[in-house]
Amino acid sequence: MPGPGRSIVALPIVAASLLVLAGCGGSGNSKSADGTAVTGGSSSLAGQSITVYSGQHEQTVKTLTADFEKRTGIKVQLRSGDEAELANQILQEGAASPADVFYAENPPALTVLEEKQLLAPVAPGTLKAVPAADSSPTGGWVGVSARTAAFVSASGTPADSSPPASVRDLASPAWKGRLGIAPGETDFAPIVTRMIKTDGTDGAKKWLQGLKANAKVYNSNEDLSAAVNSGEVQGGVVDHYYWYRLRDEKTAAGTHSKLHYFAKGDPGALVDVSGAGILKSSKHQAAAQAFLAYLDGKNAQQLIAASQSYEYPLLAGVPGKAELAPLDSVGTVAPVADLGDGKAALQLLQDTGLLQ
C-alpha cells in the first residue's frame with residue numbers, strides 16, 4: 001500500500017495496568033483456541049462493536065474481520081487506508097478517536113502511537129503467541145505477519161542474469177537508467193533506516209543520491225512491479241508479495257520478471273512485520289483484546305497464510321505458502337529498535353529530493 005514517510009519517535013515504557021481479556025463478572029464465558037470470548041453469561045462479548053483502522057491489505061483484512069465476526073459475534077467497523085495517514089489521524093483525534101484497534105503494515109507507525117502513550121498494553125497471552133522479537137518490546141502492539149524486501153528483475157535482462165549482490169550496488173553508476181524505485185512507499189523507508197543503521201547517515205545519504213541519479217521514480221510498488229514486468233526498467237526493490245500478486249494477475253504466460261533475494265545480513269534483506277495495537281481510549285477494551293488474540297490465533301494465521309497477500313504467518317506450526325522462500329533463509333525480523341520511528345529516513349528522503 002503506497003504512502004508517504006511518517007513522523008515517528010522512539011518507544012517508551014508503557015505505564016498502564018494489563019487488561020484482562022475476558023469481560024467482568026461470571027465464569028460462564030468460554031474462549032476459542034484463539035482466546036476470543038464467544039459464549040456465556042454476562043461476560044459474553046457478542047453484540048459489541050469495535051472500529052479498526054487498518055493500513056494492511058484490505059482484501060485480506062476484510063476476510064479476517066468477517067471470520068472474526070462469525071466466530072465471536074463482535075461486529076467490526078473497518079476503516080482502511082494508508083497507514084501513515086491513519087496514524088496521523090489518530091494523533092489528531094487523540095483520546096477522542098473512534099478507533100479501538102490500529103492495524104499497521106509496518107512497525108514505525110505503531111511506534112509513534114506507542115511513544116505518544118496512545119496504546120494500551122496487549123494481553124500477555126496474545127504476546128506469547130508469536131516470537132517476542134516480532135512485537136513491541138514494551139508490549140504496546142503485537143506482530144501478526146511478516147514480509148521481506150526483494151529485488152524484482154525483468155526476464156532476459158542483465159539485471160536478471162546478474163542481479164545485485166547487495167542493495168548498496170544499486171547506487172553504482174552501472175545501474176544508471178536500468179533501475180526503478182518507489183521512495184514514497186511506506187515499505188521503502190525501513191530499508192533507508194536499515195542503511196542508516198549499517199552505513200551511517202552520510203553513507204545512507206550517498207546511497208540515496210546514487211539511487212536518485214540512476215532510477216526512474218514510481219508512485220507505488222504495484223507500478224514499479226508492472227514497469228519491471230513490461231521491461232520499462234530492468235529491476236527494482238519491492239516487498240516480495242508484490243511480485244506474487246502481479247504473477248497472479250498476469251498469469252504465468254504474462255509474467256516476464258523474476259524475484260531475487262539479497263544475502264542475509266544485507267540491508268536489502270529486510271524482514272519486518274505487520275502488527276496491531278489497541279487504543280488506550282477504546283471503550284471496548286475486552287472486545288479489542290479479543291480481536292488481537294484472534295489475529296494471532298490459528299484460524300486467522302491460516303487465513304493469512306492462504307490469502308493472496310502472500311505474507312508469512314507468525315504463529316508456530318502455521319506454514320506460509322509452499323512457493324514462498326522459507327523466511328529463515330531470507331533473513332531475521334528486523335528489531336523494532338532498529339527500525340525506530342522512521343524520522344531519520346524521512347529526513348534523508350526529503351534532503352535528497354526523493355520525497356517533497
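Couple of notes before you dig in:
- Percent of beta bridges antiparallel (DSSP, the chain, rounded to nearest 5): 65 percent
- Added length on full extension, which subtracts the Cα-Cα distance from 0.36 nm per residue, GLN117 to LYS206: 28.5 nm
- The chain: angle of helix 285-295 to the longest principal axis, Cα-based, in degrees nearest 10: 50 degrees
- Three-way shape call for the stretch 240-356 based on the alpha-carbon gyration tensor, with the a/c threshold at 1.5: oblate
- Set of lysines with alpha-carbon distance to LYS197 below 22 Å, sequence-local pairs under 8 removed: LYS205, LYS206, LYS212, LYS264, LYS343
- Cα-based shape type of the stretch 148-267, given that a ≥ b ≥ c are square roots of the gyration tensor eigenvalues and the cut on a/c is 1.5: prolate
- Computed over the stretch 173-232: relative contact order in percent, which uses C-alpha pairs under 8 Å that are six or more apart: 52 percent
- Cα-based shape type of the stretch 315-356, given that a ≥ b ≥ c are square roots of the gyration tensor eigenvalues and the cut on a/c is 1.5: prolate
- Paramagnetic reach from ASP338 (point 7 Å along Cα→Cβ, amide N under 12 Å) across the stretch 263-279: 264-273
- Based on Cα contacts under 8 Å between residues 6+ apart, the chain shows a relative contact order of 28 percent.
- All lysines inside 17 Å of LYS321 as judged from Cα atoms, apart from same-chain residues fewer than 8 positions distant: LYS298
- FRET efficiency for ASP67 and GLU93, using Cβ-Cβ distance with R0 set to 30 Å, rounded to 0.05: 0.60
Every number in this text was worked out from the coordinates using simple rules, so none of it is lab data. Owing to the predicted nature of the structure, the values given are computational and were not obtained by experimental measurement. Using ideal geometry, Cβ is built from the backbone for each residue, glycine included, and neighbour counts are taken over all protein chains shown.
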